[in-house]
């Protein structure tokens, strides 16, 4: 199958789902359980993107060692997030630890 057709098909499906919600608007009433579940979607999607990149940055097996700067930066970001609940500080500390670990510790 052509990649172009695959991408166009995914775009069409995404557009149809979003358009349906916008067109029907307030006429769709989600049950409380669905509304609660939808609140977890952003966290779930971000976790699904970030964890594989931090645990296996080269796409192979998991690299659970101190020599993996992505993992060390992610662990530092988790700690800062748990302690402060401040997203900008979490991002800044995670990036700083990643770059310092990569540039100083691994040299």
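The values are calculated or read from the model by the stated rules, or taken from the named source; none is laboratory data. Note that the coordinates shown come from a computational prediction; the quantities given were computed from them, not determined experimentally. Quick reminder, even Gly has a Cβ in these numbers, built from the backbone with ideal geometry, and neighbours come from all protein chains shown.
Do the conditions hold for residue 62, that is, is it part of a loop (DSSP other than H, G, I, E, B) and at pLDDT 90 or above? Yes. Scanning the range 1-15 for residues that are in a helix (DSSP H, G or I) and either exposed (fewer than 10 other Cβ atoms within 10 Å of the Cβ) or in contact with a strand residue (DSSP E or B) (Cβ under 9 Å, 6 or more places away or on another chain) (or both) yields 3, 4, 5. Among the residues of the range 83-99, those that are touching a helix residue (DSSP H, G or I) at 6+ places or on another chain (Cβ under 9 Å), surrounded by fewer than 18 Cβ atoms within 10 Å (Cβ to Cβ) and in a helix (DSSP H, G or I) comprise 84, 87, 89, 91, 92, 95, 96, 99.
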